[in-house]
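Q: Before I ask anything, let me first share the structure, which is written out below as C-alpha cells.
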Amino acid sequence: MSEQVSIAEARIDRAPTVLKAYGLGSCVAVALYDPETRLGGMGHMLLPDRPSSSPLGSESKYVDVGICQIVDQLVRAGAKRETLVTKIAGGANMFETSYQTLINSVGARNAKSARRTLGTLDIPIVGEEVGGNRGRTVEFDLATGKMLVYCAHTEHPVSL
C-alpha cells in the first residue's frame, strides 16, 4: 500500500506501507523509522523553523517542530524512542542567484535545521541525499526502512 505525503504534511504508518513525497525542491523529506516495530513516519517540510507567530496546527510545515511532531506520534503509536533512526532528502537550491547561494538558500537552511533538530533529539541520521540544484521524489518503505530517492535528470534512484 502506498500513501502520499503532500507538502506541509506528515504521516506515520507501519509496514507494509510505502510513504511517498513528490517534487521535493527546497523542501526536505525527513523519514523516521523504528526497525524493531517497523513503524515509521515522514514529513514533507517547507521551511526550517516555525516562527512564534505561526498558528498551532501548522507543525508539519516547519522542519524543527515537524520532526518533533513525528517523533511524538511514533512513540504514541508504539515505536521505541531509543531505536529511532532517520533519513533525509531534498533541500535543493532550485533557483540560485547571486544572493541565494548553496549555503544560505531555503533548501540548505532546511537541511541544516533537520540535522540540528535530530542532533538535539539524539536521533542518528543513517542516510541523506540533500543539496545541489535538482528536484527529488522519495519512496520510504516501512517494511524494510529503505528510502529510494529519485533525482531529476538521473536514471537510477539513490538507495538510502
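Q: Could you give the accessible area per residue of the chain, probe 1.4 Å, as a whole number in Å²?
A: Normalised by residue count, the accessible surface of the chain is 49 Å².
Q: Next question. Taking amide H atoms as placed 1.01 Å from N in the peptide plane, list the residues 5 or more away in sequence, or in a different chain, whose amide H sits under 5 Å from that of residue 50.
A: 64, 65
Q: Springs between alpha-carbon pairs under 10 angstrom, Gaussian network model over the chain: which of 40, 119, 131 fluctuates most?
A: Maximum fluctuation in the GNM of the chain, among the listed residues, is at 119.
Q: Right, another one. Could you size up the charge dipole of the chain around its Cα centre, putting +1 on the beta carbon of Lys and Arg and -1 on that of Asp and Glu, and report it in debye to the nearest 20?
A: 120
Q: Average projected area of the Cα convex hull of the stretch 5-152, in nm²?
A: 8.2
Q: Share of the chain's accessible area from carbon and sulfur, percent, 1.4 Å?
A: In the chain, the share of accessible area belonging to carbon and sulfur is 53 percent.
Q: Sticking with this structure for a sec: With both partners inside the stretch 1-86, how many of the DSSP beta bridges are antiparallel, as a percent to the nearest 5?
A: 80
Q: Another question, if that's okay. Which of 80/112; 20/87; 87/112; 61/87 have a Cα-Cα distance over 20 Å?
A: Table pairs above 20 Å Cα-Cα are 80/112.
Q: What net charge is computed for the residues neighbouring residue 128, neighbours being all others with C-beta under 13 Å from the C-beta of residue 128, Lys and Arg scored +1, Asp and Glu -1?
A: +3
The values are calculated or read from the model by the stated rules, or taken from the named source; none is laboratory data. Quick caveat: nothing in here was measured; it's all calculated off a predicted structure. Heads up, the Cβs are rebuilt from the backbone with ideal geometry, glycines too, and the neighbour counts pull from every protein chain shown. Please note that ligands, DNA and RNA were not included when accessible areas were found on the heavy atoms of the full protein model with its side chains. Shrake-Rupley method; radii C 1.70, N 1.55, O 1.52, S 1.80 Å.
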